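Only one structure is covered here, and it is reproduced in the block below.
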Amino acid sequence: MWDLAPSIAAAAGSALLGLVSVVVGRTLLARRRHYVFSPADLSSADLTAEDLQGSEQRLAGGLAIPTISVSHDAPPPKKELLDYHKHLRESFPTVFNSPLVTVEIVNELSLLLTVHGSRSELRPYLLLSHMDVVPVNEERWNHPPFGGLIKDGFIIGRGAIDVKQTTHAILESLEHRLKTGDAPKRSLFVALGHDEEINGTRGAKEIGKLLGERGAQPLFIIDEGTAILDRFMPGVRSLVGVVGVCEKGYLSVEVTARGEAGHSSIPPPETAVGRLGHALARLHPNPQPLLLGRGPEMELIQLAGAVAKGPFRFVYANFWLFKGLIQKAFLKNRAMQATIQTSTAVTIIKGGYKENVVPGEATAVINHRVSPLMDRDAVIAVDRAAMRDPSLELKVLRESAPSPIAPYGEEDGPFGLIGATLQQMYGDEAMAVPGVMIANTDTRHYLELTDHVYRFNPIVLRPDQLGMYHGDNEMIAVDNYHHCVRFYYRLMKNSESDAAVAKMP
Ligand SMILES: [Zn+2]
């Protein structure tokens with residue numbers, strides 16, 4: 001037996017050596033993305049500081065108008081929305097009066113602009129934004145949320161990042177082009193909904209229907225969505241433009257437990273309330289599956305393996321070995337976790353009506369946001385198995401399926417256009433990677449028009465700034481906003497460059 005130890009050590013040593021060489025090999029193989037367009041192939045046009053003069057004041061003026069969507073049942077803020085239309089018309093007079101632009105008011109308060117390009121044979125594209133904002137809790141703001149204030153390099157107010165900045169940025173770049181006689185070659189639509197924050201059923205839904213009836217087939221759609229993230233993965237210092245290629249679905253399931261009803265002085269051994277409570281308590285220890293590595297986030301991890309610094313590079317480049325570690329990092333942040341799992345939350349629970357009566361029935365509602373990799377039946381099957389009570393009745397209360405996943409391969413034209421535009425602006429290490437949008441956007445009303453539907457907010461955000469969405473003290477740095485305008489300007493110019501026209505006529 002004594003001579004076995006060295007051979008075990010030798011075997012272990014060679015296995016370890018093999019492992020190390022695979023890890024190193026994989027790390028060396030991990031490479032940056034080269035999109036179908038290299039930045040140099042596209043247009044070199046950019047806006048100067050002088051071109052951008054006054055743009056921050058125009059945005060601040062827009063933020064001063066409280067276009068608040070209060071709730072699904074409340075009427076839209078008509079006066080404020082019309083004031084905002086007026087502000088846009090005054091801020092961008094060339095756009096709103098150009099013979100090349102058809103301006104339509106849809107369902108009273110939404111706007112659809114059709115910009116007629118000089119080369120009508122090219123497929124148009126569609127840019128979306130929305131004009132409404134969510135309510136504020138004014139006491140928690142350090143500055144008035146509707147003061148239109150610019151202070152210490154920041155434009156402050158509700159709507160600064162969600163999402164009046166894209167409405168303004170799109171119109172700024174169009175205004176500049178039309179004013180300087182640089183009329184677009186490729187046609188585009190700009191659709192500005194007025195009720196996105198309450199589902200977009202009055203605004204975006206109507207515009208989507210209208211475009212559908214007209215047979216519009218945009219090459220791609222870009223709506224609000226995930227941002228250009230700065231330092232949000234350990235070891236990754238380059239900017240990562242996370243482009244939402246899909247949206248999670250929505251599923252509310254009502255669970256009903258039944259039992260013997262009667263007087264509380266002689267209760268049955270088991271009650272409906274007790275059974276329901278037991279079942280619900282089993283949901284969280286038995287969650288929906290973690291799907292890390294099977295969705296678009298894999299692309300992000302692979303790319304991080306190409307650009308991360310230090311030991312992180314080995315970790316990302318060797319997902320097969322470090323999956324557990326990477327998964328732990330995802331689970332540390334609830335928003336990251338939500339991108340790799342169907343979420344589960346019990347939101348309503350009801351049972352009983354009188355303190356001395358045992359009710360015969362108790363119900364609860366489980367709200368899920370469904371991963372695009374799962375369907376309704378799979379989610380409900382996990383719930384059922386977790387609750388371990390076949391007598392419970394499950395009923396779907398409300399649902400919308402996850403959106404389809406838009407193309408994002410390296411060879412894809414529209415995705416590559418976004419990636420190459422980011423590289424032009426932020427250098428070769430900047431990336432566009434696909435991501436899962438965990439909230440809903442107006443895009444749901446346009447899914448019939450094209451499969452290239454992207455949710456992307458072209459502003460730079462750090463992880464600690466994500467709380468500004470629907471939160472307090474929403475603001476954007478003037479420079480960040482200027483880059484947002486430049487993104488749309490470059491995207492427009494790039495979309496009609498020779499290379500883009502050849503690939504995407
Ligand atoms: Zn929004």
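What pairs from Lys209/Lys503; Lys86/Lys179; Lys248/Lys309 go past 22 Å between their alpha carbons? Result: Lys209/Lys503; Lys248/Lys309 exceed 22 Å. Listed by number, the DSSP H helices of the chain that run 27 Å or longer by alpha-carbon position along their axis and have mean Kyte hydropathy of at least 1.6 are 4-29. Once C-alpha pairs closer than 8 Å and six or more residues apart are averaged by separation and normalised to the residue number of the range 248-400, the relative contact order reads 46 percent. Which of the three applies to the chain, rounded, prolate or oblate, going by the alpha-carbon gyration tensor with a ≥ b ≥ c and a/c under 1.5 meaning rounded? Oblate. Scalar couplings 3J(HN,Hα) for the range 189-194, obtained by applying the Karplus form with A = 6.51, B = -1.76, C = 1.60 to θ = phi - 60°, are 10, 10, 10, 10, x, 10 Hz; x denotes Gly and Pro. What does the net charge come to around His176 if you take all other residues with beta carbon closer than 9 Å to its beta carbon, with K and R at +1 and D and E at -1? Computed value for this residue: -2. For the chain, the residue among Tyr469, Tyr353, Thr256 whose Cα projects farthest onto the positive side of the dipole built from Cβ charges is Thr256. Shape class of the range 65-201 from the alpha-carbon gyration tensor: prolate, with a/c at 1.5 or above and a/b greater than b/c. Calculated mean residue ellipticity at 222 nm for the chain: -11000 deg cm²/dmol, from DSSP H runs with n ≥ 4 weighted as -39500 (n - 2.57), summed, divided by the residue count and rounded to 500.
The lysines within cross-link reach of Lys79, meaning a Cα-to-Cα straight distance under 23 Å and a gap of 8 or more places when in the same chain, are Lys164, Lys205. Local charge for Ser497 was computed over the other residues whose Cβ lies under 12 Å away, with Lys and Arg +1 and Asp and Glu -1, and equals +2. The simple spin-label model puts a point 7 Å past each Cα toward its Cβ; for Lys86 and Ser400 those points are separated by 3.3 nm.
Stretched out straight at 0.36 nm per residue, the stretch from Arg388 to Arg376 would grow longer than its current Cα-Cα span by 2.5 nm. Each Lys and Arg contributes +1 and each Asp and Glu -1, all at the Cβ; summed about the Cα centre of the range 57-163, the dipole is approximately 300 debye. Antiparallel beta bridges, as assigned by DSSP with both residues in the chain, represent about 70 percent of the total such bridges. With R₀ set to 25 Å, the beta-carbon distance separating Gln57 from Glu104 gives a calculated FRET efficiency near 0.35.
The residues neighbouring Ser391, those whose beta-carbon lies less than 9 Å from its own, together hold a net charge of 0 under the Lys/Arg +1, Asp/Glu -1 convention. For the chain, the dipole from Cβ point charges (+1 on Lys and Arg, -1 on Asp and Glu) about the Cα centre works out to 900 debye, to the nearest 20.
You can think of it this way: the chain between Glu139 and Lys179 has 10.2 nm of extra reach, that is 0.36 nm per residue less the Cα-Cα gap. Residues Asp412, Asp498, Asp230, Asp479, arranged from fewest to most other Cβ atoms within 10 angstrom of their Cβ, appear as Asp498, Asp479, Asp230, Asp412. Ranking Pro267, Leu394, Thr344 by Cα position along the charge dipole of the range 248-400, where only Lys, Arg, Asp and Glu carry charges on their C-beta atoms, puts Thr344 farthest toward the positive end. The calculated FRET efficiency for Trp320 paired with Val357, based on their beta-carbon distance and R0 = 35 Å, is about 0.05.
Based on C-alpha pairs under 8 angstrom that are at least 6 apart in sequence, the chain has a relative contact order of 26 percent.
No value in this document is a laboratory result; all are computed from the given coordinates. Given the structure is predicted, the values throughout are model-derived calculations rather than measurements. We place every Cβ from the backbone using ideal geometry, glycine too, and count neighbours over all the protein chains shown.
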